[in-house]
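The values are calculated or read from the model by the stated rules, or taken from the named source; none is laboratory data. Note that the coordinates shown come from a computational prediction; the quantities given were computed from them, not determined experimentally. Note: ideal-geometry Cβ built from the backbone for every residue, glycine included; neighbour counts use all protein chains shown.
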Number of protein chains: 2
Amino acid sequence: MPGHDLLIINATLLADPGLGEMRPMSWLAAAGGVISGIGGMAEAPAQTASCRIIDAAGGLLMPGLVNGHCHGAMTLFRGLADDLPLMRWLTEYIFPAEARLVDPEMVYWCSRLAAAEMILSGTTTVADGYFHEDAAARAFCDCGLRAVAAQGIIDFPAPGVPDPGRNIAAAADFLAAWQGKNPLVTPAVFCHSPYTCSPDTLRRAKALARESGCLFFIHLAETKEEVAQIMAKHGQSPAGLLDSLGLLDESTVCVHGNWLDAEDIRLLAASGAGVVTCPESNMKLAAGTASLDDLLAAGVPVSLGTDGCASNNDLDLFQEMGACSRLHKVASHDPTVLPARTLLEMATGGGAKVLGLAGEIGCLAPGMRADCLIVNLRRPGLIPFHSPATLVYAGRGSDVSTVIIDGRVIMEERRIQAFDLDETLARVRHLASKLKQSASRAPRPV
Amino acid sequence: MPGHDLLIINATLLADPGLGEMRPMSWLAAAGGVISGIGGMAEAPAQTASCRIIDAAGGLLMPGLVNGHCHGAMTLFRGLADDLPLMRWLTEYIFPAEARLVDPEMVYWCSRLAAAEMILSGTTTVADGYFHEDAAARAFCDCGLRAVAAQGIIDFPAPGVPDPGRNIAAAADFLAAWQGKNPLVTPAVFCHSPYTCSPDTLRRAKALARESGCLFFIHLAETKEEVAQIMAKHGQSPAGLLDSLGLLDESTVCVHGNWLDAEDIRLLAASGAGVVTCPESNMKLAAGTASLDDLLAAGVPVSLGTDGCASNNDLDLFQEMGACSRLHKVASHDPTVLPARTLLEMATGGGAKVLGLAGEIGCLAPGMRADCLIVNLRRPGLIPFHSPATLVYAGRGSDVSTVIIDGRVIMEERRIQAFDLDETLARVRHLASKLKQSASRAPRPV
């Protein structure tokens, strides 16, 4: 294994979490950000002077987690308004706060906070969508986090795009600025929803995405009310509308999908479009529960996402795995649905597939990008560790001791190495105090 | 404030989580395990040489959490069998493993592991029920954890009580051994359920509890099947059966209660009996969802519990609060139900009330026992911290930096001070390897 620049030794290896097989006493080597070899310690490669060694004794080495849906900058709105009906929460708290505070500086620093929170809980790739996504993309690559960064498109005046007539052009500018520029950042477009974007906007956004060879994201069938609204306006379901507009294909990612019926699932499966489920956000806003078992049975690629901190209110995918499995078990009165391996697959390889990165991330094998994490199995709450299912039902982000992205050690022994965390925290605290002041000056919502 | 032996300074104080008011820059003093004073830093008491000082700057000081239901020793069975139907899980995996492995040594060490996990996640009082509960009670007080320890009663041969005809006598021995012996341990009895204990056993157990002035616990209405079974056998619901046997009063604690109907809730409310809900366990086993909103509206005292690690699979009450609120929001299609304050109350003062300890623990005030914790508000996932709701929706056990029980510093800066954690982990790992060996030798479940 000549030329490797990173060598992890003495690990219990979970190379492909969807398969569940653990191999004790293993090593993994990387060179130039790519996994160059994996094996048992009996045949460990040389520890050269130029090679960084990480001793993972007592730890489980596994692929980094893939967060299929996030609005990173919304960390600022964590806990701003909880326990409210969805429309009141959105129109009286979130939209006004966004109108007052969202600018490139806010998006940059609050996306950095999100990056820190995700790295500290084992996420190595995030699919993010927000306004001023250029600032978010800068934040993620400055933090060393892999990102699919999608510029938001909506038919209303939005931060950075006061004239909705320019929303497609702004997205095109964003794609041009980021395509092929940074190995960590894959740009994309994010149409907010079929109820905030006209059919014409949706079609033009998808055409732009097709031209650029990039992903097209959309919030879809999140609430029952949305389905009723689209039905009343267009005479078909949200998924049916996308299908009739020719928008469903392997590069389309539908976020939420809580109210997809059997015909919608058939359309998605036939098209190759993916779904991202965000159970904690959907539970907290009482938006609904996706038919994940049916989606998976139909062969729809399914990924797991946290959503933003305004509705979740955290970005911990370990906790999201447990919540997702438990929710679907109790909702279907069947403790056998969504077993632990399915969740581990959704949070790793499944996420990679939905994001079009299946050849690069999602499992640990030679030739894949070196995106991985080490879970500390010495924490009392993970003892005994009979199987990887314990990651799903008892693991949490804080069990992650070390995170490596693209071969670079981003966090080690729970300390972020790649950037100055304190500066980020100070900046966000300052923005939070501005938010509080402006909220107290704003007219009270009626 | 002369004579205090512990002084916590510079804290943001959340004295009564159910009220939600936070007071910045506060101090709390304790003497002999009792809170002797609370105030603002402008009038902080003297820091004497004999007084231990804890600087809580950047931290939130709040009452310790109360875990209303646990089988601590079942940490050994964490992840032994997941994703299975309840009856297969119980009869093919848990009961056989218990028959092979449960003895006083196992209960002692595995209860210590549970104590460590609970202390590390902010629990300061646990209501535990298991076989060989004498060993569990020793474990909890050796670890400095406050416990209501309840000896299990079941009409089958059980670990430590091979002759079920002696189950009440064994419980009486346990009560006699522990009543008034240790300020941290309150003994009680735990009848397994109305389907594993005869009416006669239930009546005799309750009579013993009444004589001894102690709590009577019972698993009640956990599954739909249990309700059907009791209905078929006794012509009434499980709660109705308890009522007709004269077992419901303020010292009866019903665990789970997922299938209580309106009449059951009326019976409980009229009697003063309490309910402990264990949402993560109930979700994972698909057992059902309690009507918590109705129970609370009827005035039934409700506490939050983790259940044991075989079904949860962790003992983190912070995570349990978030899961409970989110589950009930999505199940009722209403994001306003079970707001954060209700959960905080259930996990502190509500738990104290159900356990008959309302005058001693559950909030921070002069005269109460000094059971408290400090949450590290500097963790990125808790920033910004607009309100205590963030504890429920983004907090987790690992955010707890310091735990004080009965005025004694049990954990500081996430290091357990009160006992040797490594010895406990080594003992449980040894037992886990015995479990694995015996499982591989055991005949395969059919």
Report task. Kindly provide the set of residues from the stretch B:274-294 that are in a helix (DSSP H, G or I) and crowded, with 22+ Cβ neighbours inside 10 Å, ordered by number. Result -> B:Pro279, B:Glu280, B:Ser281, B:Asn282, B:Met283, B:Lys284, B:Leu292
Report task. Would you confirm whether any residue within the stretch A:354-366 is within 14 Å of chain B (Cβ to nearest Cβ), surrounded by fewer than 23 Cβ atoms within 10 Å (Cβ to Cβ) and not in a strand (DSSP E or B)? Result -> no
Report summary line: Over the stretch A:295-310, the set of residues touching a residue at least 60 places away in the same chain (Cβ under 8 Å) and assigned to a loop (DSSP other than H, G, I, E, B) is A:Gly305, A:Thr306, A:Asp307, A:Gly308, A:Cys309, A:Ala310
Query raised in the report: Of all residues in the stretch A:183-210, which are within 30 Å of A:Met368 (Cα to Cα) and buried (at least 16 other Cβ atoms within 10 Å of the Cβ)?
Result: A:Leu184, A:Val185, A:Thr186, A:Pro187, A:Ala188, A:Val189, A:Phe190, A:Lys206, A:Leu208, A:Ala209
Requested in this report: Select from the stretch A:245-273 the residues that are closer than 20 Å to A:Cys197 by Cα and of a type in the set (Gly, Ala, Ser) and list them in ascending order.
Outcome: A:Gly246, A:Ser251, A:Gly257, A:Ala273
Query raised in the report: Quick check, is B:Gly37 buried (at least 16 other Cβ atoms within 10 Å of the Cβ), under 22 Å from the mean Cα position of the chain (by Cα) and outside the structural domain of B:Leu220 (by TED's automatic domain parsing)?
Result: no
Query raised in the report: Hey, does the stretch A:110-119 have a residue that's buried (at least 22 other Cβ atoms within 10 Å of the Cβ) and polar (S, T, N, Q)?
Result: yes
Query raised in the report: So which of B:Thr252, B:Thr289, B:Thr277 is of a type outside the set (Phe, Trp, Tyr) and over 18 Å from the mean Cα position of the chain (by Cα)?
Result: B:Thr289
Report task. Tell me which of these A:Ser332 doesn't satisfy, since it passes every other one: (1) facing chain B (nearest Cβ under 9 Å); (2) among the polar types (S, T, N, Q); (3) within 22 Å of A:Thr123 (Cβ to Cβ). Result -> (3)
Report task. Considering each of A:Ile410, A:Ile383 in turn, give the residue that is surrounded by 16 or more Cβ atoms within 10 Å (Cβ to Cβ), within 12 Å of chain B (Cβ to nearest Cβ) and more than 30 Å from A:Thr289 (Cβ to Cβ). Result -> A:Ile383
Query - Matching entry among B:Asp314, B:Asp307, B:Asp294 (being acidic (Asp, Glu) and within 8 Å of another protein chain (Cβ to nearest Cβ)) - result: B:Asp314
Requested in this report: All but one of (1) within 14 Å of chain A (Cβ to nearest Cβ); (2) within 19 Å of the chain's Cα centre (by Cα) hold for B:Trp259, so report the exception by its number.
Outcome: (2)
Requested in this report: May I ask you to list pairs of residues, at least six apart or on different chains, whose Cβ atoms are under 8 Å apart, with the first in the stretch A:96-118 being under 26 Å from A:Ile416 (Cα atoms) and the second being buried (at least 21 other Cβ atoms within 10 Å of the Cβ) and acidic (Asp, Glu)?
Outcome: A:Val107/A:Glu133; A:Ser111/A:Asp128; A:Ala114/A:Asp128; A:Glu117/A:Asp314; A:Glu117/A:Asp316
Report task. Taking A:Asp264 as the residue in question, decide whether it is outside any loop (DSSP other than H, G, I, E, B), charged (D, E, K, R) and at pLDDT 95 or above. Result -> yes
Query raised in the report: Can you find a residue in the stretch B:70-91 that is of a type in the set (Lys, Arg) and buried (at least 16 other Cβ atoms within 10 Å of the Cβ)?
Result: yes
Report task. For the stretch A:71-94, state whether one or more residues are within 25 Å of A:Ile405 (Cα to Cα) and more than 14 Å from chain B (Cβ to nearest Cβ). Result -> yes
**Report entry** Yes/no for A:Gly18 being closer than 30 Å to A:Leu285 by Cβ, among the small types (Gly, Ala, Ser), in the same structural domain as A:Arg408 (by TED's automatic domain parsing) and outside any strand (DSSP E or B)
**Finding:** yes
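Just a yes or no: is a residue in the stretch A:431-443 without any contact (Cβ under 8 Å) to a residue 24 or more places away in the chain, within 8 Å of chain B (Cβ to nearest Cβ), closer than 22 Å to A:Met25 by Cα and surrounded by fewer than 22 Cβ atoms within 10 Å (Cβ to Cβ)?
Among the residues of the stretch A:431-443, not one is without any contact (Cβ under 8 Å) to a residue 24 or more places away in the chain, within 8 Å of chain B (Cβ to nearest Cβ), closer than 22 Å to A:Met25 by Cα and surrounded by fewer than 22 Cβ atoms within 10 Å (Cβ to Cβ), which makes the answer no.
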Query raised in the report: What number of residues in the stretch B:121-163 are surrounded by 24 or more Cβ atoms within 10 Å (Cβ to Cβ) and out of contact with any helix residue (DSSP H, G or I) (no Cβ under 9 Å at 6 or more places or on another chain)?
Result: 1
Report summary line: Picked from the stretch A:381-408 (must be β-branched (Val, Ile, Thr) and under 20 Å from the mean Cα position of the chain (by Cα)), the residue nearest to A:Gly322 (Cα to Cα) is A:Val392
